[in-house]
Amino acid sequence: MIIHHPLLGPRDSAEFTYLGDANLIDRPDWQDKKAADKFYEYQYLRNNPAGEHQELWYHEAGDRSWLVVTRNTVTHEITKVELARDVARARGRSK
Amino acid sequence: MRVTGKNSGRYSGLRVIKEALTGHRGWKPAWRDPEPQKEYDIIIVGGGGHGLATAHYLASKFNITSVAVIEKGWIGGGNVGRNTTIIRSNYLLDGNEPFYEFSLKLWEGLEQDVNYNAMVSQRGILNLIHTDGQRDAYRRRGNAMLLNGADAELLSAEQVRAECPFLNFDNNRFPIKGGLAQRRGGTVRHDAVAWGYARSADSFGVDIIQNCEATGFRIKNGKCSGVETSKGFIGAKKVGVAVAGNSGKVMSMAGMRLPIESHVLQAFVSEGLKPIIPGVVTFGAGHFYVSQSDKGGLVFGGDIDGYNSYAQRGNLPVVEDVCEGGMALMPMIGRARLLRMWGGIMDMSMDGSPIIDKTGIEGLYFNGGWCYGGFKATPGSGWVFAHLLANDEPHQTATELRFDRFQRGYMIDEKGSGAQPNLH
Amino acid sequence: MSDAMTGLNRLDGGLIDRSAELNFRFDGKSLEGYGGDTLASALLANGVRLMGRSFKYHRPRGVLSAGAEEPNAIVALREGAFTEPNTRATTAELFDGLVARSQNRWPSLAFDAMAVNDIMSDFLTAGFYYKTFMWPAKFWEKIYEPIIRHAAGLGALSGMSDPDCYDKGFLHCDLLIIGAGPAGLAAALTAGRSGARVIIADEDFLPGGRLNAETIAVGDAAGAEWAAQVAAELASMPNVRLMTRTTVIGAFDHGIYGAVERVTDHLATAPDGTARQVLWRIYSKRSILCAGSIERPIAFANNDRPGIMQAGALRAYANRWAVAAASEVAVFTNNDDGHRTASDLAAKGVKVTAIIDTRADAPDHGDAEVLAGACVTDSRGRLGLSKIKVRSADGSQRWIKCGALGVSGGWNPNVHLTCHQRGRPVWNEAIAAFVPGAVGPVGLSSAGAASGMFSTAAALTGGAVAAVNALGEIGIKAKAMAMPEAEDAPVSITAFWHVTGKGRAWLDQQNDVTVKDVKLAHQENFQSVEHLKRYTTLGMATDQGKTSNIAGLAVMAEIAGKTIPEVGTTIYRPPYTPTAIGAFGGRSRDETFRPVRLTPSHKWASEQGAVFVEVGMWMRAQWFPQAGETEWRQSVDREVLATRRSVGVCDVTTLGKIDVQGADAATFLNRIYCNGFAKLPVGKTRYGLMLREDGIVMDDGTTARLGETQFVMTTTTANAVGVFRHMEFARQCLWPDLDVQIISTTEAWAQFAVAGPNSRKVLEKIVDPAFDISNDAFPFMACGEITVCGGLRARLFRISFSGELAYEIAVPTRYGDALIRRLMEAGEEFDITPYGMEALGVMRIEKGHAAGNELNGTTTALNLGLGRMVSKTKDSIGSILSEREGLTRDDALIQVGFKPVDPNDPVVAGSHLMNIDDPANAAHDQGYITSAAYSPCLESSIGIGFLENGATRKGEIIRAMNPVEGSEIMVEVVSAHFVDPEGERLRA
């Protein structure tokens, strides 16, 4: 597969390490009253869609960027690649 | 006593001779193609190895014959139809080992049970050791296997060399320092498992309904009363789902998110060769394992591609990675040709171990999360799932294979790689 | 015409080089061929029709095809370790000295004892083995299976290491053209002239495809001549790469294709260092499949005799290789193409005894007697065809003499690559064949015969148009050139799959699958095309059904009363043709399987005669044997004792080192580690425990605070990469606005542990005087940036894995070798001793420090006896989930130490722990021993491990069971801190 890195252009997926669902960005608040349940769901449950999937890839053999790749799990077509940091910020994560 | 073969007649050497002499006119369909009835006691969603085994054991061991197996395509077309055929029970953890040993014992009597030669071949499996730490870990595992009533042998490098002289002992980047052997492990003719269970279940009156896709569950007030299918609604007192790589898709129709991701695992077969590899060998310093089929093909595989996929096909980097492992371990295979590569969808769970459990929905039961190890589990999975469906209680070997183990902190993580399915 | 005296079947003409006479051997017999021959053409030229035996019935088999689809003429090539089993004679280029042997026969090809299977064939029908061999159960492995396995398989591997080398390469192009027949050449010419970057690959050694096999003219030139001209022009274009002997084996995601180039397979010996084959990964923006088509046979009784072949192959042998397969030939066809064979052979002077055409309106070109509406019903000839039985339109039957029969059942476009991503081909009734479907690999189109356009003119035009279109999609303008004129015959075919009758009619010739087997499969409800394949093995041979699958499913369709598209095809999978496993492995084999990482002191350690051990990719010194030491334990014991008594030194560069900097560095580490780091003072080091988010221990190590905003973290060797990735994830995905940067400096610093009571004295000799490292100025857990040896910048950490007074000193990597030599010099007066991994391991076990065996991915801080380190007053990764019930059990496994009751007993890692009075089984398992060693200090074997409720069980005697090696000992539960439990030494 080829991942179009937002900074570096097209790169072979072999340069990357895969983590999984981009929802792993949405780490719950440790002080939430239901933190135990929320962390369980965050860590263990997956939508696992057959179709469009936002997922985290790490450019391990490259510039060490974490990327959010929007990829179809049935066709492997990639429609969007973003810096995970930008996605995280857009989802309200900061410090 | 019920006897397998009511519909298609008993199979035997004599029967083969008799049919040969009479123009093979007497062979009947191995299973019928019935239209679905309005309702069954139990519907199994998924006509793969596990689903068909469940039906066989429900009918033959639990006397429940009002059973339908519904399959969206043709039976045995998923992972039981394309895998590397290995059976073994060389597990470490208490949550797993009794179950896999139970399954291995069922393999040992499978052919007589279902009256179908699935070529269960106990040629042994050998996990190679390349470091001292690995030997410690395999010793612990071997001891766990023996303490659970399975068989295990820890071999020295010399013993491994005597048994497998074709391995790369002289110039290996990661020298072979020994191995953990399970002699009762081996291989099985995978398609025959699906067909044998199907024929047996059919002969007990189970309806195997091919080309019948589950499109939804009828759930009211937390209770499941049947399955919507491409052939219409079929009612059931209980519904068991055994759809492996499609677990996420199917269970989402019941509103469930699972601790499972679907990944692609590739496997490979070479052209037919005269016998050269006696049993199953796994490389401990790369991603490669191999056996040789009765037909002569080297059947081998390695790691999953590593990304979520429902595509049933993989990519070159893993093909190369696996073949590199093969060439590192047994460079005699360089001149053998890879004939075919294929990919299957693996239901990779969050701790690498399966789930056979009730769901939060009454009457809906789940069997999945087999990762890439579902084939060896087929008989055990079928029996244990049948037990759960029949008695509403887990089988004694499957008490830990539950959904809630993640929330409660009782993971069964053989590899110790945590909640990242592609590492298991 | 053929030379009757010598049996040579050479004709005039052809694309062979008669000046290059090549000697070769087949089954020991010396034969001669010419440059440009394949093994198959040369064998046929020598009158050899019998080339192999079938898989199951061991029927005599000759060549069926002239290409990669060959199911029958499969031989073992070369000798010894170079033996290459299952090689298709049709694609093996002849070279001088070639040695080939037939396979799967005993004692000889002409007399094969296993042919008895053929007589038994009624008993060996499809799937018979599923119905028998079940009694008694134990007989399977001992009797039945060995017999079956011995009989099965085709060729044999030598069992020796493959002596050739292989390579991998990467290519990029705008347009990849797969196949260099008329369509491919036209496409390449069009694209090449536009300036686009073009790769055109063909599996053959001669570009041209069917143009080389036909007498068709292109423009004013013979087809082959035109092909040669175009190939020459392409070869001269700098933007075009024409790759012959290169098979595109698979279409992968995003325009990536795998291709294998056979670089030296056509040579007697490969030049030194030249790879035998190269696996190319081709990155293409667009691609065009111009892979042509494969002619399919028609099944009839005994249609598998040597001499019966594709009509197009018969023609190819005559036209390209100037070989008549026999002096008298006949043709059996259901389409016009078969007549070409008759015309071409007749023109070459070969006697065509009849053209049997299934169509009532068969054309008659006057080349031979045409039997319209007729079919071939049987054949004779023990080891080669001698005559065929023909049923005429009126039902009358007669025998016709012929040594070869060309059969044409129509042509199947080579749709394979269009289906490699699970696309399905679609049925085209006009040509009675499947053509590429609408959904294929993105960017791949098809042209010529591969797209179902069979005429030469259509191939030329189609190729050019496809190139213009494909390039247009990526913004490259190409001009569609006018193509030379060529034949443009319409396809005239009436589908005809098999001749009905009593005898066995072969579909899959290699696997011996006949029409009867398909009928039986249907009868037993193996009706799905996948069931059919798996039950009968149709299409599972080395040719993957290239000449058999479509006919097989057509027969199934006929029996089931369905249409062919309703029955559908099985799935096409890579590789297109079988590919040497070695090619996929490339250079990654033997010692070069994976890279080797060497420590900065490696050269020095080698000079000392160190024994090295693989630690991940690293090679580390395991111990340093000295004169007189005959056993490794002697060396290790000496290294441990010398370190504990005086001073030792060990290269610890392999541990991961991560530099963490930024205003929020402390906050960041406070979240990465479960214990507190925010308040660590500058100049201090702290042990940190890192959890995964699931609460399980991920890694541990020490982290030093070099400044307000700078930390240096160490990780274990094994987890260096994973920890860094994890920290980048936390930094970029979880807390993107924290002001923190990290970089791995593992390779930047050479680091040595200097341990033992005299370690300070040694270091004082090399640390520059400006730096005070006395116990007061530089106490336990101190750290600092210093200089050594007169100004070399260095980092010093007072940390200890051994439990002794110890330091770790780091210098830029390039000074690592110099530093170890200086340290040895400085330490000479203290008998400084280098120690390796084993001594390091012994000392850490003596101290009860956890390492890889304990941090096995399933253990918690609680298990390690470090439960209280997990802070509940801050957010850190893993803290929430570490509180789950299963991870906080009262009876949790706790790390403790073990001493054998009998000091002579060895403690063995991997032993399971049992209470003395309990039965020894899994239900009573109390834990396990993780690490064990002989402690020369305690003069006893010792171990550490995890024991249920271990913290409260000190002094208990329990069983350490190791049944897998037949041993069991009694051990006493003790503290894991065997040496200096109060830690006085390391603070000294």
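Every read-out reported here was derived from the displayed coordinates using simple, explicitly stated rules and does not represent laboratory data. All values derive from a computational prediction rather than experimental measurement. Cβ: placed from backbone, ideal geometry, glycine included. Neighbour counts: every protein chain shown.
Scalar couplings 3J(HN,Hα) for the stretch C:99-114, obtained by applying the Karplus form with A = 6.51, B = -1.76, C = 1.60 to θ = phi - 60°, are 10, 10, 10, 6, 10, 6, 9, 7, x, 9, 5, 6, 10, 10, 4, 5 Hz; x denotes Gly and Pro.
An ellipsoid equivalent to the stretch C:651-695, defined through the eigenvalues of its Cα gyration tensor, has semi-axes of 18, 16, 11 Å when rounded to whole angstrom and sorted largest first. How would the stretch C:844-987 be classified by its alpha-carbon gyration tensor: rounded, prolate or oblate, with rounded meaning a/c under 1.5 and the a/b versus b/c comparison settling the rest? Here the stretch C:844-987 falls in the oblate category. Charge dipole (Cα centre; +1 on Lys/Arg Cβ, -1 on Asp/Glu Cβ; no other charges) of the stretch B:316-424 amounts to roughly 420 debye.
Of B:Ala181, B:Gly47, B:Ala311, whose Cα points farthest to the positive end of the dipole of the protein assembly as shown (charges on the beta-carbon: +1 Lys, Arg; -1 Asp, Glu; origin at the Cα centre)? It is B:Gly47.
Two numbers describe the Cα atoms of the protein assembly as shown: Rg and Dmax, which are 34.8, 115 Å.
Taking a ≥ b ≥ c as the square roots of the eigenvalues of the alpha-carbon gyration tensor, the stretch C:656-744 is classed rounded because a/c is under 1.5. Here the peptides B:19-32, B:120-133 are ranked by packing, the mean other Cβ count within 10 Å, and the order with the highest first is B:120-133, B:19-32. Across the stretch B:383-388, coupling constants 3J(HN,Hα) worked out from phi with the 6.51/-1.76/1.60 Karplus curve, θ = phi - 60°, read 5, 5, 5, 4, 4, 5 Hz, and Gly and Pro carry x.
The eigenvalues of the Cα gyration tensor, multiplied by 5 and square-rooted, give the stretch C:17-118 an equivalent ellipsoid with semi-axes of 23, 14, 12 Å from largest to smallest. Would you mind checking the stretch B:281-296 for residues with the amide N under 12 Å from a putative spin-label position 7 Å along Cα→C-beta of B:Glu163? Correct set: B:281-282. Tell me, how many Å apart are the Cα centres for the stretch C:361-394 and for the stretch C:770-787? With the stretch C:361-394 and the stretch C:770-787 each reduced to a Cα centre, they are spaced 100 Å. Taking the Cα centre of the protein assembly as shown as origin and assigning +1 to Lys and Arg Cβ atoms and -1 to Asp and Glu Cβ atoms, the resulting dipole is close to 2460 debye. The simple spin-label model puts a point 7 Å past each Cα toward its Cβ; for B:Asn7 and C:Trp632 those points are separated by 6.0 nm. Here the alpha carbons of the stretch C:248-379 define both size measures, Rg and Dmax, at 20.5, 60 Å.
All other residues whose Cβ lies under 10 angstrom from that of B:Asn115 are scored, Lys and Arg at +1 and Asp and Glu at -1, for a net of +1. Return the loop-located chymotrypsin sites (Phe, Trp or Tyr not before Pro) in the stretch C:910-987 (DSSP other than H, G, I, E, B) with at most 15 other Cβ atoms within 10 Å of their own Cβ; answer none if there are none. In loop regions of the stretch C:910-987 (DSSP not H, G, I, E or B), there are no sparsely surrounded chymotrypsin sites (Phe, Trp or Tyr not before Pro). Rounded if a/c is under 1.5, else prolate if a/b beats b/c, else oblate: with a ≥ b ≥ c from the C-alpha gyration tensor eigenvalues square-rooted, which is the stretch C:120-191? Judged from the Cα gyration tensor, the stretch C:120-191 comes out prolate (a/c at least 1.5, a/b above b/c).
Rounded to the nearest 500, the 222 nm mean residue ellipticity of chain B from helices alone is -8000 deg cm²/dmol, with -39,500 (n - 2.57) taken per DSSP H run of at least 4 residues.
Other protein chain C-beta atoms within 10 Å of residue C-beta, averaged over C:717-724: 1.
Remark: for residue pairs B:Lys28/C:Lys516; B:Lys415/C:Lys168; B:Lys61/B:Lys231; B:Lys18/C:Lys516; C:Lys765/C:Lys847; C:Lys285/C:Lys479, the C-alpha separation exceeds 21 Å in B:Lys415/C:Lys168; B:Lys61/B:Lys231; C:Lys765/C:Lys847. Here the stretch C:496-562 is described by how far its Cα atoms reach on the three principal axes: 29, 23, 17 Å, from widest to narrowest.
Placing a label point 7 Å from the Cα of C:Asp361 along the Cα-to-Cβ line, the residues of the stretch C:395-417 whose backbone N sits under 19 Å from it are C:410. Note on C:Thr494 and C:Arg868: the extension gain reaches 126.3 nm, defined as 0.36 nm multiplied by sequence separation minus the Cα-Cα distance. Peptide B:67-74 has a mean shielding of 1, counted as Cβ atoms of other protein chains within 10 Å of each residue's Cβ.
Note on C:Ser327 and C:Leu383: the extension gain reaches 18.5 nm, defined as 0.36 nm multiplied by sequence separation minus the Cα-Cα distance. Size of the stretch A:1-82 from its Cα atoms: along the principal axes, largest to smallest, the extents are 44, 28, 17 Å. Here the Karplus curve 6.51 cos²θ - 1.76 cosθ + 1.60, taken at θ = phi - 60°, turns the phi angles of the stretch C:79-96 into couplings of 9, x, 5, 8, 4, 10, x, 6, 8, 6, 4, 6, 10, 7, 6, 6, 9, 5 Hz, with x standing for Gly and Pro.
What does the charge count near B:Leu14 come to, summing +1 for each Lys or Arg and -1 for each Asp or Glu among other residues with Cβ under 15 Å from its Cβ? For residues surrounding B:Leu14, the net value is +2.
When each of the peptides B:66-76, C:436-446, B:274-284 is scored by the mean number of other C-beta atoms lying within 10 Å of its residues, the order from highest to lowest reads B:66-76, B:274-284, C:436-446.
From the alpha carbon centroid of the stretch C:854-874 to that of the stretch C:803-832 is 33 Å.
Measuring between their Cα centroids, the stretch C:498-549 and the stretch C:397-413 lie 20 Å from each other.
Summing +1 for each Lys or Arg and -1 for each Asp or Glu among the other residues whose beta-carbon sits under 11 angstrom from that of C:Leu345 gives +1.
Checking every one of the trypsin sites (Lys or Arg not before Pro) in the stretch C:455-517 against DSSP loop status and a limit of 11 other Cβ atoms within 10 Å picks out C:Lys477, C:Lys479, C:Lys502.
Backbone amide hydrogens, once placed in the peptide plane, bring C:Ala330 within less than 5 Å of C:Thr353, C:Ala404, C:Leu405, C:Gly406, excluding anything fewer than 5 places away on its chain. Taking every residue in B:270-283 and counting other chain Cβ atoms within 10 Å of its Cβ, the average works out to 5. Helix C:182-193 and the longest principal axis of the Cα set of chain C meet at an angle near 60°.
Maximal additional length on extending the C:Glu829-C:Glu79 stretch stands at 263.7 nm, based on 0.36 nm per residue less the C-alpha distance.
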